[in-house]
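Below is one structure, written out as structure tokens; comments come after it.
The values are calculated or read from the model by the stated rules, or taken from the named source; none is laboratory data. Everything quoted here is computed from the prediction, not taken from an experiment. Because the Cβ atoms are built from the backbone with ideal geometry, glycine has one as well, and the counts that use them run over all protein chains shown.
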Amino acid sequence: MAGARAAIASFPVPIGPRRPALDATTTSGTPFSTVIRVASHAQHTEAETSTFMSDLLGGRLGVEAYARYTEQLWFVYRALEDGAASLRDDPVAGPFIQPELMRTAELERDLAHLRGASWHDGLAPLPATAAYAERVARCARDWPAGYVAHHYTRYLGDLSGGQIIRDKAEKTWGFARKGDGVRFYVFEQIPNPAAFKRGYRELLDAVNADDLEKQRIVDECKRAFDYNGAVFRELGAATKSSRRGPLSA
């Protein structure tokens, strides 16, 4: 997914992550956001260059595959955002819970456009998606630092590589720019995505955790990318075996 680190969004009132007050480095002196990015690079690359995503972004799959991908995202984000409600005051995860990031409502609007008003009828997660969503929910319940790992891999990815997906979807299937079908990727309440991402990384640098816990967060980030890769593999297999007719955008 070459160039999958661009971002674009607009809103008239500046909103951004709360600035941290803690030290922004690990004991090694390396910013924790850098540690995470470098340590999980291999898993990140493997997920984003999967056959399914490469074919989807390369225009080799129809809008039906895009719709199925969007359906699976809904299960993951419902787990993320259901869990967020109980973590707002948590000293570790709380600073990351920001309403301008929430995606469930936008996903549901996109699914209504893609599938119709009864989009949820009969909808079920793929086994890999169910495992992913359950892991997110478990972290939200029992391990806030692990929840941060999933929050980071999803939302920062949406603000970066997700914008490549939006652009490709608009061009390939004719969705209106930032309109129905791609609203999941439109962060209307974030006026400056680049500045927002910098602030988010500052939150990571200042996360309320010792070095051992930070290593566990890094490991959970790797696991999150592996979950994504598993979902992509199952979507790819489902796409190949599907006999459902094409869906018009």
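Laid out as a table, the results:
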| quantity | calculated |
| --- | --- |
| Residue that is nearest to Trp119 (Cα to Cα) [pool: residues in segment 25-35 that are in contact with a Lys or Arg (Cβ under 9 Å, 6 or more places away or on another chain) and surrounded by fewer than 19 Cβ atoms within 10 Å (Cβ to Cβ)] | Thr34 |
| Segment 168-182: number of residues that are of a type outside the set (Gly, Ala, Ser) and in contact with a helix residue (DSSP H, G or I) (Cβ under 6 Å, 6 or more places away or on another chain) | 6 |
| Restricting segment 149-164 to residues that are modelled with pLDDT under 95 and polar (S, T, N, Q), the residue that is surrounded by the most Cβ atoms within 10 Å (Cβ to Cβ) | Gln163 |
| Residue among Gly179, Gly122 that alone is at pLDDT below 95 and closer than 29 Å to Gly59 by Cβ | Gly122 |
| All positions within segment 165-186 that are among the β-branched types (Val, Ile, Thr), assigned to a loop (DSSP other than H, G, I, E, B) and surrounded by fewer than 23 Cβ atoms within 10 Å (Cβ to Cβ) | Val186 |
| Flag for Gly146 being surrounded by 19 or more Cβ atoms within 10 Å (Cβ to Cβ), free of Cβ contacts under 8 Å to residues at least 60 places away in the same chain, part of a helix (DSSP H, G or I) and out of contact with any Phe, Trp or Tyr (no Cβ under 8 Å at 6 or more places or on another chain) | no |
| Positions within segment 187-205 being in a loop (DSSP other than H, G, I, E, B) and out of contact with any Asp or Glu (no Cβ under 7 Å at 6 or more places or on another chain), in sequence order | Glu188, Pro191, Asn192 |
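One line per residue, one yes/no per condition, for (1) among the hydrophobic types (A, V, I, L, M, F, W, C); (2) at pLDDT below 95:
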residue: Lys171; (1), (2): no, no
residue: Gln189; (1), (2): no, no
residue: Ala195; (1), (2): yes, no
residue: Leu203; (1), (2): yes, no
residue: Ile217; (1), (2): yes, no
residue: Arg223; (1), (2): no, no
residue: Val231; (1), (2): yes, no
residue: Glu234; (1), (2): no, no
residue: Gly245; (1), (2): no, yes
